[in-house]
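Enquirer: Have a look at this one before I ask anything.
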Amino acid sequence: MKCHVIKTPVGIFAFDEKMKLIGSYMFPNDPEKAAQEFTRQLPREFLNDLHAKNYNEISTIPVQIQIYELMKENVSDLDKFLVDFGIAFSRINMKSLIRKDMVLIQAINALDDINKTVNLFTLRIKEWFGLHYPEYNVTDNLLIGSIIEHGNRQNFPKFKKSSGVDLDENDIDTVISFANTIRNLEGEKKVLERYVSHTCEEIIPNFSSLIEPLLAARILSHAGSLEKLAKMTSSTIQLLGAEKALFRHLKKRGKSPKYGLIYHSSYIQKSSDDKKGKVARILSAKLMIAARTDFYSKRDVRKKLKEDLENTILKLSITA
């Protein structure tokens with residue numbers, strides 16, 4: 001026989017084809033717990049009870065029935081219950097929308113922000129300290145370390161004379177403090193890099209096995225979410241990050257781009273110039289499979305994907 005099952009905030013009700021109540025499963029009176037029960041599948045004991053009554057054809061299609069009075073019989077203050085239930089149900093839905101891939105995107109964006117800040121601050125301190133000791137020409141990391149260690153130019157090893165401006169103790173202390181800020185940001189940068197790499201192995205293990213984890217996270221960030229990335233074609237993944245060049249080409253103002261962010265992959269970097277475009281197409285095709293596997297099935301196919309990718313690239317170089 002056929003029956004209709006209706007899920008409500010207070011419980012689940014079953015009706016026969018004449019709309020006669022034949023069974024029910026009540027949720028807890030707590031709106032929070034009721035909302036959790038509401039999001040789950042039909043309880044096994046409820047279904048078994050219907051099957052025992054020979055109702056084997058169960059329809060969950062909404063039917064026209066006055067259910068409000070039936071709910072009111074089970075909850076004294078139904079209006080307040082429904083308001084609290086709606087809030088709890090909305091909260092559960094919001095949590096389901098925020099996936100871990102969004103956390104990874106925020107992390108890689110924060111890392112890129114730190115990179116930009118470090119580069120900007122390093123340029124600033126070079127110009128700042130260059131006013132005091134313009135003759136000191138070393139790498140950025142060595143400059144920052146020397147400023148923190150020595151401070152005034154007169155304390156630098158092998159210092160003889162300089163055409164720079166003299167700085168008093170307060171000036172030097174301020175420059176040293178700024179150099180320490182840069183060093184601390186460098187430390188935070190390394191922490192974030194480790195976190196992003198670890199999270200990539202958790203969220204997009206197959207995708208990040210084909211390219212460097214930080215690059216994988218940047219591609220994910222550019223796509224917007226793992227779901228959006230999984231729905232992209234290989235050609236779209238190949239050109240992620242090259243949208244401006246693509247639009248220029250469409251307006252006949254430039255050449256068609258061959259790659260976007262994946263250009264920074266070691267596979268493409270190691271390829272000869274005439275093979276970079278083909279390698280990019282091969283890589284993006286494998287990345288498409290990896291992204292869909294990470295999102296839909298979550299199977300571990302890292303070894304097979306990597307072997308297939310490297311064998312295909314090897315054949316391409318041999319037949320060149």
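Enquirer: Looking for something part of a helix (DSSP H, G or I), modelled with pLDDT of 75 or more and assigned by TED's automatic domain parsing to the domain that holds GLN41 - is there at least one such residue anywhere in region 59-79?
Expert: Looking for residues that are part of a helix (DSSP H, G or I), modelled with pLDDT of 75 or more and assigned by TED's automatic domain parsing to the domain that holds GLN41, one finds at least one in region 59-79, hence yes.
Enquirer: In the list SER235, SER284, SER256, which residue meets the criterion of being in contact with a Ser or Thr (Cβ under 8 Å, 6 or more places away or on another chain), farther than 17 Å from ASP101 by Cβ, hydroxyl-bearing (Ser, Thr, Tyr) and modelled with pLDDT under 95?
Expert: Exactly one of SER235, SER284, SER256 is in contact with a Ser or Thr (Cβ under 8 Å, 6 or more places away or on another chain), farther than 17 Å from ASP101 by Cβ, hydroxyl-bearing (Ser, Thr, Tyr) and modelled with pLDDT under 95, namely SER235.
Enquirer: What number of residues within region 200-212 are outside any helix (DSSP H, G or I) and within 14 Å of ILE108 (Cα to Cα)?
Expert: 2
Enquirer: Looking at region 93-145, which of its residues are over 30 Å from SER208 (Cα atoms), among the aliphatic types (A, V, I, L, M) and surrounded by fewer than 16 Cβ atoms within 10 Å (Cβ to Cβ)?
Expert: Residues satisfying the conditions are LEU123, LEU131, VAL138, LEU142.
Enquirer: I've got another one for you. Of the residues in region 23-45, how many are surrounded by 14 or more Cβ atoms within 10 Å (Cβ to Cβ) and assigned to a loop (DSSP other than H, G, I, E, B)?
Expert: Final tally of qualifying residues: 3.
Enquirer: Related question: ALA179 - would you say it is in a helix (DSSP H, G or I) and closer than 21 Å to ILE268 by Cβ?
Expert: Details: in a helix (DSSP H, G or I): yes; closer than 21 Å to ILE268 by Cβ: no.
Against the criterion (in a helix (DSSP H, G or I) and closer than 21 Å to ILE268 by Cβ), ALA179 does not qualify.
Enquirer: Hey, another quick one. State whether one or more residues within region 126-135 are touching a Gly at 6+ places or on another chain (Cβ under 7 Å), of a type in the set (Ser, Thr, Tyr) and closer than 15 Å to ILE176 by Cα.
Expert: Within region 126-135, one or more residues are touching a Gly at 6+ places or on another chain (Cβ under 7 Å), of a type in the set (Ser, Thr, Tyr) and closer than 15 Å to ILE176 by Cα.
Enquirer: Answer yes or no as to whether LEU215 is more than 19 Å from ALA107 (Cα to Cα) and either assigned to a loop (DSSP other than H, G, I, E, B) or in contact with a Ser or Thr (Cβ under 8 Å, 6 or more places away or on another chain) (or both).
Expert: Working: more than 19 Å from ALA107 (Cα to Cα): no; either assigned to a loop (DSSP other than H, G, I, E, B) or in contact with a Ser or Thr (Cβ under 8 Å, 6 or more places away or on another chain) (or both): yes.
Answer is no for this residue.
Enquirer: Got at least one residue in region 207-225 being surrounded by fewer than 18 Cβ atoms within 10 Å (Cβ to Cβ) and among the hydroxyl-bearing types (Ser, Thr, Tyr)?
Expert: Checked against the condition, which is being surrounded by fewer than 18 Cβ atoms within 10 Å (Cβ to Cβ) and among the hydroxyl-bearing types (Ser, Thr, Tyr), region 207-225 yields at least one hit.
The values are calculated or read from the model by the stated rules, or taken from the named source; none is laboratory data. These numbers were taken from a predicted model, which means no experiment stands behind them. Every residue, glycine as well, gets a Cβ built from its backbone with ideal geometry; the counts of neighbours run over all protein chains shown.
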